[in-house]
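Report on one structure; see the data block that follows.
Just so it is clear, none of the values below were taken in a lab; they were calculated from the coordinates. Please read all numbers here as calculations on a predicted model, not as lab measurements.
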Amino acid sequence: MTTLDSVILEATDVASTEKFLADAFGLAEQVRVRESAAASNGFRGFTLSLTVAQPSTVTSLFDSAVANGATVIKPVTKSLWGYGGTLQAPDGTIWKIATSAKKDTGPATRAIDSVVLLLGCDDVAASKKFYVDHGLTVGKSFGRKYVEFEGGGQVKLGLYARKALAKDAGVPMEGDGSHRITLAADGSSFTDPDGFQWESN
């Protein structure tokens, strides 16, 4: 079975992007960086999410990201599903930090429970079939709207309709050029129907 071991962000300034990831979130293994000057305009078709245990952790990571140069897209707020907010890192990556908990149950921490990559798809059903054919196992599926895959990698993978993903992120759905991300896995190299590239570790 293919597992998503890490994602590689492609940035014009590798050192500053690595510094942001380390200082804002404490990430090193799940998200790596390499240099790229490929043109990329507007929405890149994906978001990265950090899911955590409680609201105070959301606030801690969110404030840390802003202090390190991120731009707020959606301020941290309570909602029916929990507590969270969305921001854009200096390299252009959109990050969502969230918890399903509505109250703190312990001291504030910076512990991240999981890193989740959501890919925006033109046709979720077609992309789902493509990934199943490439050895991924579906964990949850909601018709043509959303798919979540099982897997033992360091990054969880989900598929979302591109328009809905952009709306959830709080940005226009239009965009072209490079996705500025590569998915690193234990399987073979391939490109999915939406142009996201996978490469073997």
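Quick look at the numbers
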read-out: For the chain: relative contact order, % (alpha-carbon pairs under 8 angstrom, 6 or more apart); value: 29
read-out: Derived scalar couplings ³J(HN,Hα) [segment 35-42; Karplus, 6.51 cos²θ - 1.76 cosθ + 1.60; whole Hz; x for Gly, Pro]; value: 6, 7, 10, 4, 5, 8, 10, x
read-out: DSSP bridge pairs, segment 4-200: antiparallel proportion in percent, nearest 5; value: 65
read-out: Per-residue HN-Hα couplings for segment 77-93 [Karplus 6.51, -1.76, 1.60; θ = phi - 60°; Hz; x = Gly/Pro]; value: 7, 7, 8, 5, 8, x, 8, x, x, 10, 8, 10, 6, x, 7, x, 5
read-out: Structure-based [θ]222 nm, the chain - -39500 (n - 2.57) summed over DSSP H runs of at least 4, per residue, nearest 500; value: -5500 deg cm²/dmol
read-out: Full-stretch length increase - GLN154, LEU80 - with 0.36 nm per residue and alpha-carbon distance subtracted; value: 23.9 nm
read-out: Long-range amide H partners of LEU136 with built H, under 5 Å; value: THR2
read-out: Amide hydrogen neighbours beyond the local backbone of THR12, cut-off 5 Å, H modeled; value: SER36
read-out: Nonlocal amide H pairs with ARG32, under 5 Å, H built at 1.01 Å; value: VAL7, ILE8, LEU9
read-out: ³J(HN,Hα) computed for each position of segment 28-33 - Karplus, 6.51 cos²θ - 1.76 cosθ + 1.60, integer Hz, glycine/proline x; value: 9, 7, 6, 10, 10, 9
read-out: Three-way shape call for segment 146-201 based on the alpha-carbon gyration tensor, with the a/c threshold at 1.5; value: oblate
